[in-house]
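Reviewing the structure listed below.
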Amino acid sequence: MKNRRSRPESDRETIVDRVLTHYRLDTESFRARMPDVAEALDSMFPPHRLSRTPFGLTENERSHRELTLRNLLSDLRRGDISTGDATRTLEQCAVLAEDDSLGLEVDRRTLLQLLRLFLGKPVGRITTATTISATDDTNVKAARHISLLRGIILDLTTDMRLVSITINPSRIKGRQRIMRFVAMLKPSSNSSTQRDNSDSETDNHATS
Amino acid sequence: MPLPEKVIIDASALYALLSDRHTNHEVAVQTFEWLIDREVELWTTSYCLAEVSSFILEQAGVEDGSIFMEAILDAAHVYWVSKPAHEEAWQHVVRMHSPHFTLGCATTAVAARKLKAVVFAFEEHFLELSIPTLPSRRRVQKNRL
């Protein structure tokens, strides 16, 4: 009992995630095994709240995952996050990214910070393409591959548990090359007349 | 909108990316980063490249023009406009009768249909042609966490 009480909040949320995933993926067999839990979940997720997001999450599942992620990110900002928590945060990010529900606050910097915690070193220190395992269980197989950042792919099980992370440094560098033209046209690089023409012409071309 | 399989970048999106003084610059950058980070298959048309690179050459010179060309060719496949595609695009231009809907935009529309791609653009005429576009209203407004 003592162990149960001391279980971290993030572990409890992970268990809730797993229960919800099984309930959603195979409701009928879930109901056959745990009718009382299924009944409780039915009342929490009535049919009108079961509308699916692009990835297939219900509104409630998405809200729950967003809340979990928000809590984990608060821990990250306080510097109070373990490698295990970083792994769980990356899993939540992968699910929400696949769902197109990942908030803009989870920016590249945050993701690189999480990857640094997971890897034990900055991503930039990895110079050759490599796959780093997230589990000691060799029987666990990846079924989904989600690109979180260019050159960084999260390999996940069907129920979205992280199996490994595949890093391709040449694609990471390629991203920097691609982004070089963004905001390339600086007003200061031209005369004032050219600047005015540039701004008005750019807006004329591109603003709907 | 679920993650699209293919996205074609229109000249209007490229203009928005080029200048941080552009009205849609921030949204354009967020969308572009989202697309390249999620490794979505990106396309653009040879006419959009010609149109936008001419603009950069005029505004900033050949060095910036080269950086742009290398970056885009790294990021996206090119839909090379054929004579029939040119003729179809020109029909769109004539029908739209709008100074904002350039021949470059029209080739994007033609390519989007051929490739079954979503268009990354800030040009509302694509909606008139029933072509799905990015960024979606939901994505632009979303800032929940």
For this session: Name the residue, out of B:L42, B:L35, that is under 19 Å from A:A97 (Cα atoms) and surrounded by 23 or more Cβ atoms within 10 Å (Cβ to Cβ).
Result: B:L35
Exercise. Has the range A:156-173 got any residue that is crowded, with 20+ Cβ neighbours inside 10 Å, at the interface with chain B (Cβ under 9 Å from one of its Cβ atoms) and under 30 Å from B:F55 (Cα atoms)?
Worked result: no
For this session: For the range A:174-196, enumerate the residues that are more than 8 Å from chain B (Cβ to nearest Cβ) and either at pLDDT 95 or above or not in a loop (DSSP other than H, G, I, E, B) (or both).
Result: A:Q176, A:S188, A:S192, A:T193, A:R195, A:D196
Seminar exercise, completed: Filter the range A:93-113 for residues that are within 18 Å of B:V27 (Cβ to Cβ) and assigned to a loop (DSSP other than H, G, I, E, B); the one that is nearest to the other protein chains (Cβ to nearest Cβ) is A:G103
Problem set entry | Single condition B:E39 does not satisfy, out of (1) in contact with a Lys or Arg (Cβ under 8 Å, 6 or more places away or on another chain); (2) modelled with pLDDT of 95 or more; (3) at the interface with chain A (Cβ under 9 Å from one of its Cβ atoms) | (2)
For this session: Kindly establish whether B:V78 is more than 10 Å from chain A (Cβ to nearest Cβ), hydrophobic (A, V, I, L, M, F, W, C), touching a Ser or Thr at 6+ places or on another chain (Cβ under 7 Å) and assigned to a strand (DSSP E or B).
Result: yes
Exercise. So which residues in the range B:16-29 are assigned to a helix (DSSP H, G or I), crowded, with 23+ Cβ neighbours inside 10 Å and at the interface with chain A (Cβ under 7 Å from one of its Cβ atoms), if there are any at all?
Worked result: B:A16, B:L17, B:L18
Seminar exercise, completed: Reported set for the range A:72-91 where residues are of a type in the set (S, T, N, Q), assigned to a helix (DSSP H, G or I) and modelled with pLDDT under 90 is A:S74, A:T83
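Okay, residues lined up against (1) of a type in the set (A, V, I, L, M, F, W, C); (2) under 24 Å from A:G103 (Cα atoms); (3) modelled with pLDDT under 95:
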site: B:C48; (1), (2), (3): yes, no, no
site: B:I72; (1), (2), (3): yes, no, no
site: B:P99; (1), (2), (3): no, no, yes
site: B:T108; (1), (2), (3): no, no, no
site: B:N143; (1), (2), (3): no, yes, yes
Exercise. Among the residues of the range A:134-145, is any within 14 Å of chain B (Cβ to nearest Cβ), at pLDDT below 95, assigned to a loop (DSSP other than H, G, I, E, B) and out of contact with any strand residue (DSSP E or B) (no Cβ under 6 Å at 6 or more places or on another chain)?
Worked result: no
For this session: Go through the range A:97-127 and give me each residue that's surrounded by fewer than 16 Cβ atoms within 10 Å (Cβ to Cβ) and either touching a Pro at 6+ places or on another chain (Cβ under 7 Å) or among the aromatic types (F, W, Y) (or both).
Result: A:R116, A:T127
Exercise. So which of B:F101, B:F55, B:F68, B:F32 ends up being among the aromatic types (F, W, Y), over 23 Å from A:R180 (Cα atoms) and either within 14 Å of chain A (Cβ to nearest Cβ) or not in a helix (DSSP H, G or I) (or both)?
Worked result: B:F101
Exercise. How many residues are buried (at least 24 other Cβ atoms within 10 Å of the Cβ) and not aliphatic (A, V, I, L, M) when one looks only at the range B:1-15?
Worked result: 3
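The values are calculated or read from the model by the stated rules, or taken from the named source; none is laboratory data. Please read all numbers here as calculations on a predicted model, not as lab measurements. With ideal geometry, Cβ positions are generated from the backbone for all residues, glycine too; neighbour counts draw on all protein chains shown.
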